[in-house]
Amino acid sequence: MAHGERVVVIGGVAGGMSAAARAKRVNPHLDVVVLERSPYVSYGACGLPYFIAGLIPDHRRLIVYTPEYLRQERGIDVRTNAEVIQIRPAERAVIARDSQSGREEKIGYDYLVIATGARPIRPSLPGMELDNVFVLRSLEHGIHLQRAIAEMSPRRAVIIGAGYIGLEMAEALRLRGLDVTVVEALDHVLGHLEPDISRLVEEELAAKGAHLLKMTKVTALEGDARGRVRRVLTDRGEQIDAELVLVGIGIRPAVALAEEAGIALGPTGAIAVNERQETNIARIYAAGDCCEARHIVTGQPTWIPLGPAANKQGRVVGDNVAGRRARFAGVVGTAVTKVFDLAVARTGLSVDQAKRAGFKPGAAAITASSRAGYYPGGQPITVKVIFDRESQRLLGAQMVGREGVAKRIDIFATALHADMTLSEMAGLDLSYAPPFAPVWDPVLIAVNAALKQR
């Protein structure tokens, strides 16, 4: 690699900024340029619900590094309000437009990193254009929503969708004193979870005063004479009064820019990459929510847009454009979320996903104490293990409880990375002390319950 080569990164949040920072650290001679369409880079988007809830008083707390810091201290040429509108692979150049002045600039590159992330899905419903209808994906979205709540003091909110963001925002808005109704098209919340795990989450929603309408679709939003949303209509005839609507029905990879440039998409609809994060076009890489990853359990391409994977992929890209040879091992889809007083976690495949992948899955669920039975403060943890009946291979796990969930799910995630069987997991030497775990940890109890189903 020649000194002074230019690396252009499209997108300045998780995957993009990780790539830029790593490349500059490994090879300080690189000219690293980050083009970010918004005013903000390097922030924790996963903290937005807690900002809305008031637990984080200032949005600036979510910002890890400012553009000024990155320019002055890291030597990275960060350009905000710079939207890339075209990639020209034949010329090794991109066209960027300044969103404030409208001026366009052609910027050449030796290596290009696409980290355009994902876009929130906005359904084509009557009334979606009304004021006070929000999505929550970026820091700008969060600031806008927080300002609206402060200025108009809404009393009632409807959340469309009961995924991660929908349930985290249900808690946030309840903490702000709003009456909250969650409308979900499926028959259970957090559709990637097993129904019996989801039911425990639904009980928590009800206990905390959040209304839930399942197997219900929103058909229209109605507004007042000033163009502000006032009512949500459903296919079951409900008319739900609301001064605020949050749409959280999912996201899609932001790939239009790449696709127009001839960069190949994979079977999931995200950018196809190899283990080095290379696309089908030489010297063009992709990282984060815009691209696929290999699922370690199935060996197939998957699209699981989560922050940890985006940062790791960005680091791999940074190493590779700086002259090293790094690879991204893949993902197992490990995730945890907080729903009021519950922690809800999963890793690997669900039963349905395992069937679709060609396995013959079994499942076992148990409920055990988070601490020794005689030690005060213990809470029940429900653990569900999914495994392959023929090989005894662990395929996935799900967990819900009031304490001790987040790090226990990581035991299962590690086992998935190691391709462990149930018998191998049953022999794990896990830590024990009465304030932290019973002598038979819930993880081991669940694994042993699964072994009995062989």
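The values are calculated or read from the model by the stated rules, or taken from the named source; none is laboratory data. Bear in mind the structure is a predicted one, so any value in this text is a computation, not a measurement. Cβ placement follows ideal geometry from the backbone for every residue including glycine, while neighbour counts extend to all protein chains displayed.
Data for the structure
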{"read-out": "Residue check for LEU416: over 17 Å from VAL201 (Cα atoms), outside the structural domain of GLU204 (by TED's automatic domain parsing) and crowded, with 19+ Cβ neighbours inside 10 Å", "value": "yes"}
{"read-out": "ILE366 being buried (at least 21 other Cβ atoms within 10 Å of the Cβ), in contact (Cβ under 8 Å) with a residue 24 or more places away in the chain and out of contact with any His (no Cβ under 8 Å at 6 or more places or on another chain)", "value": "no"}
{"read-out": "Residue check, ALA185 over 21 Å from ALA397 (Cα atoms), in contact (Cβ under 8 Å) with a residue 24 or more places away in the chain, assigned to a loop (DSSP other than H, G, I, E, B) and not β-branched (Val, Ile, Thr)", "value": "yes"}
{"read-out": "Test: residue in segment 193-201 that is charged (D, E, K, R), assigned by TED's automatic domain parsing to the domain that holds PRO89 and assigned to a helix (DSSP H, G or I)", "value": "no"}
{"read-out": "Subset of segment 35-55 [among the aliphatic types (A, V, I, L, M) and not in a helix (DSSP H, G or I)]", "value": "LEU35, VAL41, LEU55"}
{"read-out": "Within segment 436-453, considering residues that are assigned to a loop (DSSP other than H, G, I, E, B) and touching a Gly at 6+ places or on another chain (Cβ under 8 Å), the one farthest from ILE411 (Cα to Cα)", "value": "GLN453"}
{"read-out": "Residue ID - surrounded by the fewest Cβ atoms within 10 Å (Cβ to Cβ), chosen from residues in segment 76-98 that are outside any strand (DSSP E or B) and over 27 Å from the mean Cα position of the chain (by Cα)", "value": "ALA90"}
{"read-out": "Segment 215-243 residues that are on the phi > 0 side of the Ramachandran plot, paired with ones that are of a type in the set (D, E, K, R) and assigned to a loop (DSSP other than H, G, I, E, B) (beta carbon under 7 Å, 6 or more apart)", "value": "MET215/ASP187"}
{"read-out": "Residues that are in a loop (DSSP other than H, G, I, E, B) and under 17 Å from the mean Cα position of the chain (by Cα), drawn from segment 1-34", "value": "GLY11, GLY12, VAL13"}
{"read-out": "Among (1) in contact with a strand residue (DSSP E or B) (Cβ under 8 Å, 6 or more places away or on another chain); (2) touching a residue at least 60 places away in the same chain (Cβ under 8 Å); (3) of a type outside the set (A, V, I, L, M, F, W, C), the one test that PRO361 misses", "value": "(2)"}
{"read-out": "Any pair with Cβ under 8 angstrom, 6 or more apart, that starts in segment 273-285 at a residue that is touching a residue at least 12 places away in the same chain (Cβ under 8 Å) and over 17 Å from VAL94 (Cα atoms) and ends at one that is of a type in the set (D, E, K, R) and assigned to a strand (DSSP E or B)", "value": "GLU275/ARG294"}
{"read-out": "Condition check for GLU73: surrounded by fewer than 18 Cβ atoms within 10 Å (Cβ to Cβ), free of Cβ contacts under 8 Å to residues at least 24 places away in the same chain and closer than 21 Å to ILE107 by Cα", "value": "no"}
{"read-out": "Residue within segment 392-401 that is buried (at least 16 other Cβ atoms within 10 Å of the Cβ), part of a loop (DSSP other than H, G, I, E, B) and on the phi > 0 side of the Ramachandran plot present", "value": "yes"}
{"read-out": "Qualifying residues in segment 99-126 (those that are hydroxyl-bearing (Ser, Thr, Tyr) and either over 26 Å from the mean Cα position of the chain (by Cα) or in a strand (DSSP E or B) (or both)) - the one farthest from ALA322 (Cα to Cα)", "value": "SER101"}
{"read-out": "Matching residues, segment 386-435, being more than 16 Å from THR298 (Cα to Cα), under 21 Å from the mean Cα position of the chain (by Cα) and polar (S, T, N, Q)", "value": "GLN398"}
{"read-out": "Residue under evaluation GLY191, criteria (1) buried (at least 19 other Cβ atoms within 10 Å of the Cβ); (2) at pLDDT below 95, criterion not met", "value": "(1)"}
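The rows are residues; the columns are (1) at pLDDT below 95; (2) touching a helix residue (DSSP H, G or I) at 6+ places or on another chain (Cβ under 8 Å); (3) within 30 Å of ARG156 (Cβ to Cβ).
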position: GLY237; (1), (2), (3): no, no, yes
position: LEU244; (1), (2), (3): no, yes, yes
position: GLY248; (1), (2), (3): no, yes, yes
position: ALA254; (1), (2), (3): no, no, no
position: LEU257; (1), (2), (3): no, no, no
position: ASN274; (1), (2), (3): no, no, no
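Every residue, every condition in (1) in contact with a helix residue (DSSP H, G or I) (Cβ under 9 Å, 6 or more places away or on another chain); (2) within 17 Å of LEU444 (Cβ to Cβ), yes or no:
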{"residue": "GLY362", "(1), (2)": "yes, no"}
{"residue": "SER370", "(1), (2)": "yes, yes"}
{"residue": "TYR375", "(1), (2)": "no, no"}
{"residue": "GLN379", "(1), (2)": "no, no"}
{"residue": "VAL383", "(1), (2)": "yes, yes"}
{"residue": "GLU403", "(1), (2)": "no, no"}
{"residue": "ASP410", "(1), (2)": "no, yes"}
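Here's the yes/no breakdown for (1) outside any strand (DSSP E or B); (2) over 30 Å from GLU292 (Cα atoms); (3) hydrophobic (A, V, I, L, M, F, W, C):
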position	(1), (2), (3)
GLU171	yes, yes, no
ARG174	yes, yes, no
LEU212	no, yes, yes
ARG252	no, no, no
